[in-house]
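The values are calculated or read from the model by the stated rules, or taken from the named source; none is laboratory data. Since the structure is predicted, the reported quantities are computational estimates derived from the model, not experimental observations. Glycine also receives a Cβ, built like all others from the backbone with ideal geometry; neighbour counts cover every protein chain displayed.
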Amino acid sequence: MQEPAADDGKYVCIYNTTRERFVATRAKVADGYFSRLVGLLGTSRSWARPGKGLWIVPSHGVHTIGMLYALDLIFLNHHNVVVEVEEHVRPFRISKVSFKAESVLELPVHTVFRTETRVGDQLEISPVRAHDPAVLTWICGRPLGPLATRLPEESGDEIAPEPPR
């Protein structure tokens, strides 16, 4: 299946300015009733690659009922400051409900660990400007420098298998 173009929906890039790391380089925005209701339902584990994400606005919490894989969750306030973090939320679970949160990021499992994102971190969310890593010199309005020389999808990190139940 071919990757959708940046104009086939709203996509954003999420950069942790506190840790100087990219959290997601291509996160879809779910800001309408239907897109928030459906979320990631119907996606397979192949969706859960580093760099991907779903930003649900507004939201105080999510569920993974009907999901086929685990997720990491980052809860953000209206200033995009991390107010809660939940790692490895398994399928058929309900997340915390945070009334401090205005939105929730659904990310591939291990993203929080890999990016060292913590409560209190400031995230910068900006529109995706380009999505072809072969021609990028800038992403999210930031130059690719020594702290961000490899984008998450270029790192070759494999998704860890689900632990046996």
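Given the criterion assigned to a strand (DSSP E or B) and among the hydrophobic types (A, V, I, L, M, F, W, C), identify the matching residue among Leu123, Leu68.
Details: Leu68 fails: assigned to a strand (DSSP E or B).
When all the criteria are applied, what remains is Leu123.
Which number in (1) modelled with pLDDT under 90; (2) within 15 Å of Leu107 (Cα to Cα) marks the one condition that Tyr11 misses?
(1)
Considering (1) surrounded by fewer than 20 Cβ atoms within 10 Å (Cβ to Cβ); (2) farther than 15 Å from Glu124 by Cα; (3) modelled with pLDDT of 95 or more, say which one Asp72 fails and leave the rest.
Of the numbered conditions (1) surrounded by fewer than 20 Cβ atoms within 10 Å (Cβ to Cβ); (2) farther than 15 Å from Glu124 by Cα; (3) modelled with pLDDT of 95 or more, the odd one out for Asp72 is (1).
On the given criteria, is Val57 closer than 15 Å to Asp121 by Cβ, within 14 Å of the chain's Cα centre (by Cα) and not aromatic (Phe, Trp, Tyr)?
No; evaluated as a whole, the condition is false for this residue.
Can you pull out every residue in the range 49-65 that is part of a loop (DSSP other than H, G, I, E, B), small (Gly, Ala, Ser) and closer than 13 Å to Lys28 by Cβ? Please lay out each step first, then the result.
In the first step, residues of the range 49-65 are kept if they are part of a loop (DSSP other than H, G, I, E, B); the result is 49-51, 57-62, 64-65.
Next, from what is left, pick out any that are small (Gly, Ala, Ser): 51, 59, 61.
Within the range 49-65, Gly51 is the sole residue that qualifies.
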